[in-house]
1. Going through segment 41-63 one residue at a time, which ones are surrounded by 19 or more Cβ atoms within 10 Å (Cβ to Cβ) and among the aliphatic types (A, V, I, L, M)?
2. I need the full set of residues from segment 30-47 which are assigned to a loop (DSSP other than H, G, I, E, B) and more than 7 Å from the ligand (Cβ to nearest atom), in order please.
3. Residues of segment 104-147 being assigned to a loop (DSSP other than H, G, I, E, B), more than 15 Å from the ligand (Cβ to nearest atom) and free of Cβ contacts under 8 Å to residues at least 60 places away in the same chain, which ones?
4. Can you tell me which residues in segment 66-101 are within 13 Å of the ligand (Cβ to nearest atom), in a strand (DSSP E or B) and surrounded by 22 or more Cβ atoms within 10 Å (Cβ to Cβ)?
5. Within segment 85-103, identify whether any single residue is touching a strand residue (DSSP E or B) at 6+ places or on another chain (Cβ under 6 Å) and on the phi > 0 side of the Ramachandran plot, and answer yes or no.
6. Just the residues that are of a type in the set (A, V, I, L, M) and under 21 Å from Thr110 (Cα atoms), please, taken from segment 77-94.
7. Go through segment 48-65 residue by residue and tally those that are closer than 15 Å to Phe144 by Cβ and assigned to a strand (DSSP E or B).
8. Any idea how many residues of segment 69-84 are touching a strand residue (DSSP E or B) at 6+ places or on another chain (Cβ under 7 Å) and at pLDDT 95 or above?
Amino acid sequence: MTQEIHSLDAADLNPTEMYLLLRDAVIPRPIAWVSSVDVDGRSNLAPYSFFNVCSNVPPVLGFAVGPRGKDKLTGALIEKDTLANIKATGELVVNIVPEELIEPMVRTATGLEPGEDEFAFAGLTQAPSEKVRPGRVLGAPVAFECRLFQIVEVGTHHWVMGEIVRIHIDERIYVGAYKGLNHRVDPLRVEALRPVGRLGRAYYTRLREIDTILRSDASND
Ligand SMILES: Cc1cc2nc3c(=O)[nH]c(=O)nc-3n(C[C@H](O)[C@H](O)[C@H](O)COP(=O)(O)O)c2cc1C
């Protein structure tokens, strides 16, 4: 196979060009829809697609929060509310985004003033959590209540890691015991899970085609 390749030195891209290249090429990305509260208990909700699983022991999820912008006077980077809230309270909920909530999810990315509630702004209903103060998004197929594990500064970003303490799963994807292990979910029950992924620009993807690729050294359990 011949393939023509355009190769670049990372140093030749300015910060915005690098951000856009990463955003548009590292796709599709899962989306952490993160709810948090400030010290006065006011709710905040925002999507983060620089997101993944860090560990199962302990169970840790991580996502990267970039700066909101620069202070016009001092030039200092301004923190997003999610980061400020998690630093202040040590708690968060990571919700998985279902197709039905794509539009409100995007609305929750609007840069509201600190303390303004994106749940209300996007017409979403909050369900109470059990172990942490931030609520979860009603309608999310899976929601992970988390306590702050660690925040690592990575250049302009903060990699926020939350340790999962309680999990809420839509009964339609929860199968319970399967092949000797409990608490299983079925990722093929996409009619209920229907997770949304982020592509570049304003593009999103819905899960439609699934291939089965068996490994010789692993089961499909
Ligand atoms: C689908 C989607 C994914 C996003 N992913 C990120 C991300 O990974 N990191 C980030 O800093 N901002 C990301 N954003 C932008 C934030 O959601 C946006 O800046 C938001 O206003 C932050 O809210 P907050 O200040 O209430 O935390 C994303 C936006 C959308 C729509």
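1. Leu45, Ala46, Leu61
2. Once the filter is applied, which keeps residues that are assigned to a loop (DSSP other than H, G, I, E, B) and more than 7 Å from the ligand (Cβ to nearest atom), segment 30-47 yields Pro30, Asp38, Val39, Asp40, Gly41, Arg42.
3. Gly123, Thr125, Pro128, Ser129, Glu130, Lys131, Val132, Leu138, Gly139, Pro141
4. Leu92, Val94, Asn95, listed by residue number.
5. yes
6. Leu77, Ile78, Leu83, Ala84, Ile86, Leu92, Val93, Val94
7. 12
8. 4
The values are calculated or read from the model by the stated rules, or taken from the named source; none is laboratory data. For clarity, every value in this text was computed on a predicted model and none was experimentally measured. All Cβ positions, glycine included, derive from the backbone under ideal geometry; neighbour counts span all protein chains shown.
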